[in-house]
1. Sum -39500 (n - 2.57) across every DSSP H segment of at least 4 residues in chain A, then divide by the residue count to get the 222 nm mean residue ellipticity, nearest 500.
2. Counting pairs of Cα atoms in chain B, how many percent are more than 28 Å apart?
3. What is the dipole size for the protein assembly as shown, taken about its Cα centre, with +1 at each Lys and Arg Cβ and -1 at each Asp and Glu Cβ, in debye to the nearest 20?
4. Rounded to whole Å and ordered largest first, report the semi-axes of the equivalent ellipsoid of segment B:77-155 derived from its Cα gyration tensor (root of 5λ).
5. Would you mind pulling out the separation of the Cα centroids of segment A:441-483 and segment A:306-337, in Å?
6. Within a 10 angstrom radius of the beta carbon, how do A:E259, A:E467 rank from fewest other beta carbons to most?
7. Can you pull a Stokes-Einstein diffusion coefficient for segment B:5-65 at 10 °C (1.306 mPa s), Rh from Kirkwood over Cα pairs, as a whole number of µm²/s?
8. Scan segment A:285-382 for chymotrypsin sites (Phe, Trp or Tyr not before Pro) in coil per DSSP, keeping those whose Cβ has at most 12 other Cβ atoms within 10 Å, and list them by number.
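What follows is calculated from the coordinates using simple rules that are stated; it is not laboratory data. What you see is a predicted model, and the numbers here were worked out from it, not measured in a lab. Note that each Cβ is placed from the backbone with ideal geometry, even for glycine, and that neighbours are counted across all protein chains shown.
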Amino acid sequence: MIRVFVPRDTTAAALGADAVAAAILGEAARCGLAIELVRNGSRGACWLEPLVEVDDGHGRRAFGPVSVDDVPDLFVAGFPGRCDHPLALGDPAEIPWLARQHRLTFARAGLADPVSLDDYQALGGLAGLRKALVMEPQAIVDAVKASGLRGRGGAAFPTGIKWQTVHDTPAEQKYIACNADEGDSGTFADRLLMEADPYQLIEGMAIAGLAVGATQGFIYLRSEYPRARDTLEQAIAHAGRTGVLGDDILGSGRAFHLELRLGANAYICGEETSMLESLEGKRGLVRFKPPLPAIEGLHGQPTVINNVLSLAAASSILADGPEAYAALGSGRSKGTLTVQLGGNVKRGGLVELPFGTPLRTALEDYGGGTASGRPLRAVQVGGPLGTYLPEALWDTPLDYEAFAEVGGMLGHGGVVLFDDTVDMGHMARFAMEFCAVESCGKCTPCRVGSVRGMEVIDRLRAGDDREGALALLEELCETMEDGSLCAMGGLTPKPVRSALEHFPEDFC
Amino acid sequence: MTPGPEATESAVRDALDAHEARADALLEILHQVQDTLGHIPREAVPPLARALNRSRAEIQGVIGFYHDFRQEPAGATVIHLCRAEACQAMGAGALERHACERLGIGLHETTPDGRFTLEPVYCLGNCACTPSVRIGDTVYARVTPERFDALIDPYLDPGEEPA
């Protein structure tokens, strides 16, 4: 039977995919055509969503972006059979925007029904876990170390070293905590993975558990992602029923249990110690470090805290070997980076590239410039605490060290584009406002400094004692950087300072 | 609408039972109470504190810390407007002004007829097709002021303007 794929992903649905799916079913019934509708994950080509695909047993063909109004027209042209239509894109794997990427973590995204474990295994899933089950825990940790994998949440700490610490710390109970509180504006890679390939995350967490001796895991998911929640709930339940999770993983006698926990809309809970507090049912106040969570984490026990993409990467590292992973990338940034193109961008979406690719390649070759068609003026990389970059810095290679050299950070790989209508003075003020709204309140420089920061930027923009306001803003930024426990207060000055440095004309 | 004491009591009991009265599951418990009642009445705090062996101040602190939890009823339809950078780059500011003007309320406010509540949100993960708006559990992409009007239309009576 002909299979028709319509993504169930948040962005696809936000562009009408559910209605498109219903219209395709309705039209097929009306024409007396038997089709099987599959709600797959998204390939991440958001600009082509809803991206409808057809598999007639002789390869896949894509159509997009498809609206409800296009559906009758498509059927008239011969859909789902082979047909010419302005929306026809040919083999989806050969769409240049997708074909030129280097997909590792997102290799399976969009190919299948995300909650089908059979599809997952048919596409190579669980190979990493099966290998890990016959390895010594130290050998698993060594493999992750050898891959060069660094934490994808933003801080880029070597994952294998973190695992080693938890492995080496004796305890009755250890935990794996997956940070799925993807709060950075402009980032959606975690969401996309959880909605398109949730078993990869589950598999990676089970591997982490085997490596460090943890039998319980938690996924801390932000409540702003209702579809990801739905997909994860189904996948976790199914993994439990089929023995991928539970007391006897794949018949090995080894145990790993996994629980999904929902946040409640607090940006700060993406900070790892704040997330631990939240997982303990408390206010998300940032903890002092040390002790490191790897030694005293959740409920005071050794805890691996990793981002969704770091844990997911562990399954391909185990499956394909650490050498394959380490062969990609540049310098100390190994593997692939998932760039997320958002904001005022013509062809937005998820672009997985080896580290070291110039930012400009992502902006121009993939992004295609702005959606508005106006000149691109500023790019914010690394979320709301990331630097605003002017054109002079767009040739910076996408790697952790190269970005640090120009005063930026890659963070979680979010890239937000702004055209020439952006008011960078406003964006600087917004950075302070966001900090004021989302600060956990523990550190005074963050809690109060951000409010004072808004006021000083207002004075600066009003031309009220410009010299004085600039000096005060500089001192305030320094105090926030030096006097905050975590990145919220410590990095909020980054967008502020970079806006001021590179776009001073917007502060007059 | 304010739930009666029995409704509050039973919502709290059900939520505690569903999570085996585990204190570490407090956020899940609060979500469930709010999903059942629409908000978390002040009367829910003492029984939660007793069952979880936490102080009332701790429970109250958690409710107050997270933006999701509310202690007063919301409007029948809660609209979340994304204010984050990727949405701002595509006109979220203008959309926010339009939405506030159209409904005659500010952010965090409810229309006097109890129909709509407007809340800010900072990122819905739909950053490639912005501005984004969430109504209930549904996210909408590329929301212009015109599209916003079309989105709220089904929630209005025919021919009626919001209060």
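1. Dividing the helical sum by the residues of chain A leaves -11500 deg cm²/dmol.
2. Tail fraction, whole percent: 33.
3. 1100
4. Whole-Å semi-axes of the equivalent ellipsoid: 19, 12, 12.
5. If we compute the Cα centre of each part, the gap is 40 Å.
6. Ranking A:E259, A:E467 by Cβ neighbours within 10 Å, fewest first, gives A:E467, A:E259.
7. 144
8. A:F288
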